[in-house]
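Comments concern the structure below.
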Amino acid sequence: MATLYLSGGGLGRSAHAWPEALQWLAVQPGPLLLASIASVDDRQARTLQQLLANIGREAILVDHLPQESAEPTTLFLCGGDATRLLDQPERVRELTAVLRLPHLTIVADSASAMALGRRAASCTCGGHPIRVTDGIGALGAWSVLAHAAGSDDERLAALADEALPNGGPRLALPTGAAVEVLRLGSRMSGEPGGLDFRSTPWSLVSAHRSGAR
């Protein structure tokens, strides 16, 4: 299985304000790939590419996710609209498959992070109403809200799954928050306790868990 990190946003056009994350990305071994899988444009990827170049790290923009990883590789999945991503079956298949690759480190930012959950929302950073749809379910019962305004963010209620007790566990990731997913792909990953999240050293703020029992 890949090593997976989830980011609540902030690594886009304002990534210069998050030097800790840029430095972490810059020192990852092997090729560094940037993919705009949830957006109609690649502005975030190109901005991140330039910021990394400024500190001496080459990053390669890719149209499709890798199908194999024989050497250490880092893949950064840009943000956008999770519901748009989930409407593209080919992209969903690519994303599901890439999570199983060894030697791969994946950083899923904003919408890409939300798409991995059981339920997923459209862009949550503008304060406007969100659309909600079923996600990929790669995090078991967990759903993710990016750009969250803390553990009391009312938009967390929109991600509640009626098929799960208490609506299911939800992870609120504010802008600038980042966590590593522990026990990804474990036998119990379909249950709330089947995986866990650990704050990264380069996280600017804390993530919050809601509805977990």
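Summary table below
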quantity	calculated
Environment charge of His103, counting only residues whose C-beta is closer than 10 Å and scoring Lys/Arg +1, Asp/Glu -1	-2
Label point distance in nm, Ala163-Ala70, each placed 7 Å from Cα along Cα→Cβ	4.0 nm
Coil-residue trypsin sites (Lys or Arg not before Pro) of region 117-147, DSSP, other Cβ within 10 Å capped at 16	Arg131
Antiparallel bridge percentage (DSSP; both residues within region 3-210; nearest 5)	35 percent
Kirkwood-based shape ratio for region 13-78, expressed as Rg/Rh from alpha carbons	0.95
Structure-derived Cα Rg over 2.2 N^0.38 Å: which label, when the choices are (i) 1.42; (ii) 1.03; (iii) 0.93	(iii)
The chain, helix-only ellipticity at 222 nm - DSSP H runs n ≥ 4, -39,500 (n - 2.57), divided by all residues, nearest 500	-5000 deg cm²/dmol
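Values quoted throughout were computed directly from the atomic coordinates according to the rules given, and no laboratory measurement underlies them. Bear in mind the structure is a predicted one, so any value in this text is a computation, not a measurement. Cβ atoms come from the backbone with ideal geometry, glycine included; neighbour counts cover every protein chain shown.
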